[in-house]
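All remarks here apply to the structure that follows.
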Amino acid sequence: MDKAISRRAEEKLNRINQIRDTAERLFAQKGFFNFTMKELARKAEFALGTIYSYFQSKSQLYDTLIEGKTRELVNFVSEQVMSETTITKQLEKFIEAKLTFFHQNPDFIRLYFSETYTAPGQSQPAVFRLQQQRAALSARLTEILERGIKDGTLIPVDAKTLTRVLMGLTDGFVFSWIEAVPEKSLAIELKIAKHIFLDGVLLKPRAVKEDYL
């Protein structure tokens, strides 16, 4: 009995994930208004009624997708950062984790920026939820930077200013991937991002010679 319930729950979760993954691709490729739930059902290979049994509308699906994916981003970055103990390593992990997440989720890039940097559009709840998650990520970063400034690891600059700089820097790298995958490998992109930020804020330069070619 319990196994049967567990199996049904797993099958339900798999269906929901398949619908979300398909919707993410369609939202990224066509925008919010340029596809129908009927098209989504066909692409996901489900009956239209199955789609509506999980999501009442396209707006609800969009909001759920944005909220869930942004939470995944925050959790992934936070877990990676907390796996390190020094300020320098935590900042390196922040850069690595954020860029790696978007590199692995290219369809989410366009959705992330459409809700982060444009005026509120078709789905106000999505904007609000993304901004909440983004604020949480920024707050975690600010805490790290404040500790680094206090213990003398980083230059004595306002931590919130440094947070905006690092968030903007990493967003800039990701934004350049909207139309195509990076011409350089992800490893090279990470080295460049780390060099630009870390070698500008650390009081003691890193003993690392990077090759960016």
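Per-structure values
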| quantity | calculated |
| --- | --- |
| Verdict on residue 126 being modelled with pLDDT of 95 or more and touching an Asp or Glu at 6+ places or on another chain (Cβ under 6 Å) | no |
| Complete set of residues in segment 44-60 that are assigned to a helix (DSSP H, G or I) and of a type outside the set (Lys, Arg) | 44, 48, 49, 50, 51, 52, 53, 54, 59, 60 |
| Enumeration of residues in segment 48-85 that are of a type in the set (Val, Ile, Thr) and touching a residue at least 24 places away in the same chain (Cβ under 8 Å) | 50, 51, 64, 66, 70, 74, 77, 81 |
| Selected residue (only one of 72, 79, 39, 67 is outside the structural domain of residue 168 (by TED's automatic domain parsing), part of a helix (DSSP H, G or I) and either at pLDDT below 95 or surrounded by fewer than 18 Cβ atoms within 10 Å (Cβ to Cβ) (or both)) | 39 |
| Enumeration of residues in segment 22-35 that are more than 13 Å from residue 110 (Cα to Cα), surrounded by 13 or more Cβ atoms within 10 Å (Cβ to Cβ) and modelled with pLDDT under 95 | 35 |
| Any chance residue 144 is surrounded by 19 or more Cβ atoms within 10 Å (Cβ to Cβ), at pLDDT 95 or above and over 23 Å from residue 76 (Cβ atoms) | no |
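The values are calculated or read from the model by the stated rules, or taken from the named source; none is laboratory data. Just so it is clear, the model here is predicted, and its values are computed rather than measured. In this analysis, Cβ positions are derived from the backbone assuming ideal geometry, glycine residues included, and neighbour counts consider all displayed protein chains.
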